[in-house]
1. If you add up the charges near A:Glu363, with Lys and Arg at +1 and Asp and Glu at -1, over every other residue whose beta carbon is less than 9 angstrom from its beta carbon, what do you get?
2. Hey, what's the per residue convex hull volume over the C-alpha atoms of chain A, in cubic angstrom?
3. By average Cβ neighbour count within 10 Å, what is the ranking of A:335-342, A:59-66 from highest down?
4. Just in region A:1-107: which trypsin sites (Lys or Arg not before Pro) are loop by DSSP and have at most 12 other Cβ atoms within 10 Å?
5. Could you tell me which GluC sites (Glu not before Pro) in region A:212-319 are loop residues by DSSP with no more than 15 other beta carbons within 10 angstrom of their beta carbon?
6. What base-10 log of the normalised intensity I(q)/I(0) is obtained for region B:138-196 from the Debye formula, alpha carbons as equal point scatterers, at q = 0.13, 0.22 Å⁻¹?
7. Could you please state, rounded to a whole Å, how far the C-alpha centre of region A:10-43 is from the C-alpha centre of region A:242-316?
8. Where only protein heavy atoms count, and the probe is 1.4 Å, what is the accessible area per residue for region B:284-367 in Å²?
Amino acid sequence: MLRKKTCVAMLLAGGQGSRLGVLTQKVAKPAIPYGGKYRIIDFPLSNCTNSGIDTVGVLTQYQPLELNAYIGSGAPWDLDISNGGVFVLPPYQKGKSGEWYRGTANAIYQNIAFIEQYNPDYVLILSGDHIYKMDYNAMLNYHIRHGADATIAVREVPWEEASRFGIMNTDSDDRIIEFEEKPKNPKSNKASMGVYIFTWSKLRQYLENDEGDKKSNNDFGKNIIPNMLADKQVLVAYSFNGYWKDVGTIESLWEANMDLLEKPMPIDMHDKRWRIYAKNPGMAPHYIAKGATVHDTLITEGCEVYGNVEHSILFAGVIIEEGAKVESSVIMPGSVIKRGAVVQRAIVAMNGVVGPGAFVGEETGNIAVVGPGMTVPAGKHIPAGDQVDEAYVFDK
Amino acid sequence: MKDIMGLIYTGENDARLRELTVTRAIAAMPVAGRYRVIDFLVSSMVNAGMKNIGVITQKNYHSLMDHLGSGKEWDLHGKNNGLHILPPFLTRENVGLYPGLLDALRSNSNFFVRSKQEILVLSNSSIIYNARLDELVQFYQDTNADITLLYTKDPTMKRDEYGTYLQLDKSGNVTDMEVQPTHPGYDNVYMQVMVIKRELIKELVDKAVSHGQHSMDRDILLRLVQDRSAKVNAYEYKGKCWMIDSVQSYFKFNMDILDPKMRKGLFREDMPVFTKVRDEMPACYGDDATTVNSLVADGCQVDGTVENSILFRGVKIAAGAHVKNCIIMQDGQVHEGAYIENCILDKQAVIKRNSKLIGPEAYPIVIGKDVVI
C-alpha cells in the first residue's frame, strides 16, 4: 500500500521534437544535452525535488532508451525513494487493448491508475521542453489559496510575439475567462508555459469525459482547458517572471546555451538553494594546456583543451586539439575537434568528430549541426545551417 | 569476484602533512581537483567487483564519514553488503586510539565474522593508485598463496626510516623483508595492500595481539617470512602510484597530475574514479582569463591568470589575480590584484586584494581552512 501524496507530477516527454532535426533522430527531446553538463529534463526534475514534489511520472514513447538510461533510479535528483520517486511510464497493454499516447491528455488518461496509487489531491503537469527554475510548491499554494480547479502558469511575452502562443485572457483577479490558441489579435500577452496544476478529482472527470468524445484531439490546450472554461470551472493564471526559454528548435537551443554566457547570467545556476542536479559522468576536472586560450566559456569535467575556445560551451569529455578554433558553439559530450579545425556558430552533438582542418558553420547565418556520432572528414566545409547526418553529402 | 571483500585502514601517521590533516585523515585529503585520497582505493575495489567494503577510521574521521556517506556514489548501498564505516569505540582493552593496525583489526573482528566473503583485500590509505585488484586476487588464487602483497619498483616510493621493502625470488615469493629500515636495501616497495583469507587474518591478528604486538609488517608478515611458516608472495603493480605522507609529496602528486600522461594512467576509462558529487555548474571563464597547464573543476569562476595549478570546485579567481603553482581547495578565493605562488590553500581560504604570497618551490606554504589573508 502506497502512502498518500498531496501532489504528483506528470512530465510529458513523449514528443519527438522534430524541429530539432538531427539532434532528436535517435533521442527524445528531454534527453538533449544543455548547458555543459545538463539534459533538458534536469530542469523540471530538479524543480520538482527542490519544490518538495517527490513523485514524478515521466511519460515517454519516442526513442526512450537514452532517456530511460539517463533517469535510472532517479538518484541524481534524490528521487530514488521507496514511497514515491521517479517512474518512466511508456504506453502499455491494458486488457485487450493497447495503444500509443494519442495526445497530452490521453497520455495522462492512460496513466490514471498510476496516479491513483498515490491518491493525490493535486496533479502537476509538466513538459520537457523548457529551461527554467520554478517553485512548483509556491504555485500549488496559489492554486489552493484561490480554490482553483486548475492553475495555469503564464508569463508575459512581448505583444508582437503573443500571436505565436496559447494566450490566457484574465480578469482583474487573475481568473482565466478565455483561452485562445495563437490568436491573430491577442487581447492579452499572458502566454501559457505548459505548466498546469489540476485538482485531481476534477481533472480525472474531465479526462474521462474527453476520452468518451471521439472527435477530441485529447490535448490539454485544445480540449481539456476549453472544456473546463466552458463549464465555468475556476481556472486561474499564475504569473512567472523568471528566465524561461523554449528549446524546441536548433536556433533556440543554441541561444539558450549562449544565454549562460551573458553577464550577469539570466538564470542563476550558482544558487545553492535551488541547484539543478544532473547525472554525473564521473570524470577528472578539465585540463587547459599551455598554449590554449579560453575566454567567455563554460567548461566541465573530462575536457582537454589544447586549442582556442571563445564564447562557447564544452560538455563532459570534449577534446579541443592544438590549433583548433571553437567560437560561439555548443560542443556536446565526448566530441573531438581535431587539429586546425574551425567550428563557428555550430552545435556538435554527442560523440561528434570534426576532422583536421575541417570547417563547421560560419560567422553569420543559421546554426550548423554535426549529428550524434557523425564525423566531418578532414578539410571539409559545412556551411551555415547545414545538418550533418548519415545521409549528408560532403562536397568539395 | 563475489567472494572478495575490501578493508581500508585510515589511521596512518599524518604529522608531516601539517595543517592539512588537523581536521581530517589522510584518506580524506582533497586531491586532483575534486577527489579525496580514499576515492581511488574505494573505486579500485569497486571496479574489481567488491561489494562489501569496510573503512576503519581512527581520529578526525568526521570529514571522511561526510564524504563517504552511505556509499551511494560507489554503488555500495546494498542490503547485505555495502560500505561500512568502522569508527573506534571504547572497550575494556581499547581506550579510543588504536596503537596499531593489528589493534584496529582486532577491535573490528566482528566485521570479519559477519561478512560472507572468504578473501580479504586489506589496504592502507596513504598511497594513491588505480590498480587492477581483480588481477591481484587472481594471482593470489593461481599461486595458492597464503598472503599476496602488492608492491612497486617506483623509486619515488622509497623513504628512509619508513615503509616496508621486499626481497623476492624468481617466482615472486617473499624471501626477506625490511621494516622501517634507516636506508631501504631492497627496491621492491610494499604498497600496504595485501590479499589474505578472512579466517587466516583473524587467527593471525588474535595471536599477535594477545602477545602484545601491534605492527602488521614487523610482527606478522616479517615473522611468517622468516619462519617460512606461510607462503607469502608478491605481485607487482606496474602503474604509477604516489605516497601522500608530507606536504611535499601531496604537492608533487597534484602537480604530477597536470601531466596528461600521468593523468591518463590514473583516470582510466575502464576504471573510473568515483567521488561525492557536488552538482556545481560547469566552470566559467571570463573575457580576460588566462589559463595555462591547469586542472579546473566545476563551479569555478576564472577571470584572472592561472598557471600550473589545480582549482577545486567552486574556486573564484578574480580579474587581475595571478595564481602560479598552487593548489586551491574547494570554495577558495583569490581577489583582485593578488599574487600567489607555490601555495596550498585549504577549503574556503581567501586571499584578499593585492596580497602577495610566494612560497619556496620545495616547501609550499599551507594556508589553513577558512583563513583570510
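1. -1
2. Working: hull volume 60.6 nm³, N = 396.
Dividing the Cα hull volume of chain A by its residues yields 153 Å³.
3. Taking the mean over residues of other Cβ atoms within 10 Å, the ranking is A:335-342, A:59-66.
4. Sparse-neighbourhood loop trypsin sites (Lys or Arg not before Pro): A:Arg3, A:Lys4, A:Lys96.
5. Sites meeting the loop and neighbour criteria: A:Glu262.
6. So the normalised log intensities work out to -0.32, -0.85.
7. 17 Å
8. Values: 2700 Å² over 84 residues.
Accessible area per residue: 32 Å².
The values are calculated or read from the model by the stated rules, or taken from the named source; none is laboratory data. Everything numeric here is computed off the predicted structure, so don't read it as measured data. For neighbour counting, all protein chains shown are included, and Cβ atoms are generated from backbone atoms with ideal geometry for every residue, glycine included. Heads up: the accessible areas ignore ligands, DNA and RNA and are worked out on the full protein's heavy atoms, side chains in. Shrake-Rupley method; radii C 1.70, N 1.55, O 1.52, S 1.80 Å.
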